[in-house]
1. Efficiency by 1/(1 + (r/R0)^6): what FRET value for C:Glu178 and A:His25, r their Cβ-Cβ distance, R0 = 45 Å, to the nearest 0.05?
2. Among residues other than C:Ala204 whose Cβ falls under 14 Å from its Cβ, what is the net charge (Lys/Arg +1, Asp/Glu -1)?
3. Apply the Karplus curve 6.51 cos²θ - 1.76 cosθ + 1.60, θ = phi - 60°, to the phi angles in segment C:48-60 and return the couplings in whole Hz, x for Gly and Pro.
4. When the label point is put 7 Å from the Cα of C:Ala44 along its Cα-to-beta-carbon vector, which residues of segment B:26-70 have a backbone N closer than 20 Å?
5. Name the residue farthest towards the positive end of the dipole of the protein assembly as shown from the options A:Gly67, A:Ala14, C:Phe135, assuming +1 on Cβ of Lys and Arg, -1 on Cβ of Asp and Glu, about the Cα centre.
6. Enumerate the calculated ³J(HN,Hα) couplings along segment C:74-83 in order (Karplus 6.51 cos²θ - 1.76 cosθ + 1.60, θ = phi - 60°), each rounded to whole Hz, writing x wherever the residue is Gly or Pro.
7. Given a cut-off of under 8 Å on Cα pairs at least six residues apart, what relative contact order in percent is computed for segment A:177-242?
8. For segment A:207-212, in order, what is each residue's ³J(HN,Hα) by Karplus, 6.51 cos²θ - 1.76 cosθ + 1.60 with θ = phi - 60°, in whole Hz (x at glycine and Pro)?
Amino acid sequence: MSSASSATPTSDAAIRAGIDRSLRHPVMFFLTSGAAWLAVSILLAITASIKVHCPTFLDGCGFVDFGRVFPAHINTLIYGWGFQSGFGVLIWLMARMSRQECRSAGTILAAGHVWNLGVLLGTLGILCGEGSGMPWMEFPRFAWPVLLLSYIAIVVWSFIQFRVRAGERTFVAQWYLLGAMMWFPWLSITANTLLFCVPGHPVMAAGINAWFKSGLVFLFFVPSALGAAYYLAPKLTGRPIPSHTLARLGFWSLAVVAPWAGMQKLAGAPLPVFLPYVGAAATALLAVPLLIAALNLLRTIFSSEEKLPKCAPMSFTLAGLVSMLVLAATAVLFNLPGSSLWKVQFSLSGYGFDMLAVYGVFGFMMFAAVYFMVPRLTNCEWRYPRLINMHFFFSVYGIGAIVVGAMIGGYVHGSAAEAWLQPWEYVVDTLRPFAAVSTFAWCVILFANVFFFLHLALMWLRPDRLLAACKAKTEDRVAQSQQTEDPQSTTP
Amino acid sequence: MDPTRDNPIIRFNTFWWALWAFFAFAIVLAAIMIFNRAAPTNLEDAVAVARYQTQQTVAEAQAKALPAADIEAAIPEVAAKLAASKPVAVERPDQVVPESPTSKALIAEPALGPTTEPAPVPVPAPAPAPATEGTPAETDAPAPVNS
Amino acid sequence: MSLRNFILGLAASFGLAWLCLVIIPFVKMRNLAPIQFNKDLDGAEGVFYPKRGGRIANGARVYGENGCYLCHTQLVRPTYAGQDMHRPDMGGLQNDPQRGDTRRETNAYDFEGERFAQIGSARIGPDLSNVARRFEAAAAVKGDDNLEAAFYAHLYDPRLKPEQAKAICPSHKYMFDEIEVKGQRPDEAMPFGETETTVLVPDADARALVSYLLSMKKDQPVPAALNFPFAGDKQPSAK
């Protein structure tokens, strides 16, 4: 980035402001609609979770049957919130790091609306009983081409921006974001074509579905989270990434190992035996790239004696890194073929692991990025720090409860299921309290996110009486940023 | 700022290269599936092979047991025998229902023995004769046929 | 590293796994050769075909649409992968009156007729591979042989029976229609949920699903080629 040093701080700020202005509408649209889908998903999660320990809740109506509400929760979480917040963060980060204004805001916005329509129709399809019955792919079959094409219409511009960027150096964050951009279409086309369009062996179809699910987690959500973290950590602390080599090792180990993971869900199924056990080994080995990235980022953040900046992006980034360490530990602990794999294979812990990855790691990093981006996009600081605190602490409590409820509880549930001398009622009695903990956790997360939605809405709506306060704060921030913000420090 | 990299041509090219990259595995998959267009193996079809073989064995055995040429040749012979063994109507006066038109006709003309009609009598005379003579024997023959 | 090399590197690392885990097994498994019985070893001839009667395709679709796979599995794992074979009624019946111990692992031919094997996500409810055998055994004990009615009752309200008061399975009341009885009571009327003027009749989804569940008897004898020795119930291991 040596060529950029010729730019003065004010022209730099002008470039950044220009990029933010060009992206304001698409990114705010994705963040807002993502937040709305998150609300829907959490409500569906609470409904589904209550039905596990109180099956007579809202009983007898097909539209809210557990078997439809739960897939609706998962799919709105992933496709409604996960992908859309991912889009918002991805296109903004790629634009900023390539220093390119967005020229296709209209196309991206249109594609975003098509994506939303696809998710809406897909969710209604599931609730009306037209789901496909394949975990994480329950939208009826018309949905996936619609989502895939709008995905491409959203991210291809970031690809172009990267290609035409000035300078030869790349940021670590860009590798992860480019990777995520490429991996999702490859996964989606393979899985959807082989499961919906080409008839094959039914057990292999289940295997490919499990591979797709793991691929979404480790080849889209985790890389997007790491991309955001590798951007935010240096940016917020003003310190460079300590080891470029370690960063490369971390990225390529993820790229090499993650595509092999997933089929451990089908251990013992009538598939070629190496498939599930390679999947278990790969999932356990994923601890390596996760630990490398966490190490690198924590060293960035804690490398000097200075106090950490006390801001929302920093808190959420740290929470995301801690979640990543827990994820790495459970990836190893839950995939030991002789002991834990057969216990947790069909227990609640699968759900806990997925939620830790999607809400814990990915979600926290996305919130960090959102709290960083929105003031720059709307030219207005976050007005109510207390709302951010509430959002943060209750989210952490919620994820902690999920770790206890679903993951530990899942291990207990799985062990009970393996106790073959006991009747099945014993297993059900064991899991019931943990299902209640799970409901509690989702209620806490809903409570946390109410503050987030409120705050985001206030940022969007910008009531007039806030403008004065916003102006004052913004002037302070611009003054500060001209002293501390320096793109040079982000390159290794 | 490197001006040569940010131009409309590079942007246009990159757009299409990006699309190729996104669909790379779809294209490879399509190529692989071209060689795998046959329907997946079906146990129903596998089991059907044995069934069709049995059906074929049975059909061959039946064809052997019933040769068409012999059947064709035998048809006229059997037809003649069938025609010859056709039962003829038999007069059983003791079976005439009283008060029926037949009984009244018999009363009116008791001279009438076996059923005859005046006009055809001369022509089929030889036919009824062997028929009446053969009647006692014939009554046995039709009986097994009728029972 | 140029962008082109980066993409190639990603494609190579992804592509190797894609080929080895997904494509090659997919192609090979769709051409899975049927297994023949061996006359000497098995005392039977012909192709091993664990054929299931009933509305497999429609029932599997309804099963998927209503999320039964979220709580029920359909996989009896071999002993190296789990303790399923030791349960007395999961892989078959341990004490079948005619055949003795009929338990066996799930094999690749057990999902014939379905597009997507509903192996399942979690075991909140029991495994369903041999649910019809369990219902049969229970019905034999009670002397009531109407299995269909038992399944319909479970679908309508799993908590109907007092011994299942704490069952978690949702009620699928929406799969039953309430119709007025005009004249003769319909044949397909359910023995539960009657009122003075109406009876409950299962709708098409319920009928397909129950037909599918009634076909869940996956404990047929297997050829020697698939018959991996099961040592029976050993002492529970230290694990």
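Every read-out reported here was derived from the displayed coordinates using simple, explicitly stated rules and does not represent laboratory data. Values in this document were obtained by computation on a predicted structure and should not be read as measured data. Note that we place each Cβ from the backbone using ideal geometry, even for glycine, and neighbour counts take in every protein chain shown.
1. Result of the calculation: an efficiency of 0.30.
2. With Lys, Arg at +1 and Asp, Glu at -1, the neighbours total -2.
3. Karplus values, whole Hz, x for Gly and Pro: 6, 9, x, 6, 10, x, x, 8, 5, 5, 5, x, 5.
4. B:42-54
5. Farthest towards the positive pole: A:Ala14.
6. Per residue, the Karplus-derived 3J(HN,Hα) values read 9, 9, 9, 7, x, 5, 6, 10, x, 9 Hz.
7. Value for segment A:177-242: 45 percent.
8. After applying 6.51 cos²θ - 1.76 cosθ + 1.60, I find x, 5, 4, 5, 5, 5 Hz.
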